1. Once a ≥ b ≥ c are taken as the square roots of the eigenvalues of the Cα gyration tensor of region 9-71, is the result rounded (a/c under 1.5), prolate (a/b larger than b/c) or oblate (a/b not larger than b/c)?
2. What net charge is computed for the residues neighbouring Cys40, neighbours being all others with C-beta under 13 Å from the C-beta of Cys40, Lys and Arg scored +1, Asp and Glu -1?
Amino acid sequence: MAGGWARDGAVSEQIEASISDELKRMQSRRGPMGESLTHCAECEEEIPEKRRVAIPGVKLCIDCQNERDGRMVQRGGINRRGSKDSQLK
């Protein structure tokens, strides 16, 4: 695929790098893997052994994790003002 001044495969390399960076970011948000807690860090409910084995380093029970996952996280939006699609209207 022609990419202007870019060498062959540069676009694919950039896509792979972006995916790799995002995976590293997501893994870093999970926190240290360490040893799993036997009781939830928030509500002190016992964490089932199957969950501790399935997710090494787990710190929260299922209910607290579901509550945390359900919270809205503010993220930066996409600026579409300069996109070609918005100018076609």
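Every number here is computed from the coordinates shown, using simple stated rules; none is lab data. Since the structure is predicted, the reported quantities are computational estimates derived from the model, not experimental observations. Neighbour counts are summed over all protein chains in view; Cβ atoms, including those assigned to glycine, are modelled from backbone coordinates with ideal geometry.
1. Since a/c reaches 1.5 and a/b is larger than b/c, the shape of region 9-71 is classed as prolate.
2. -2
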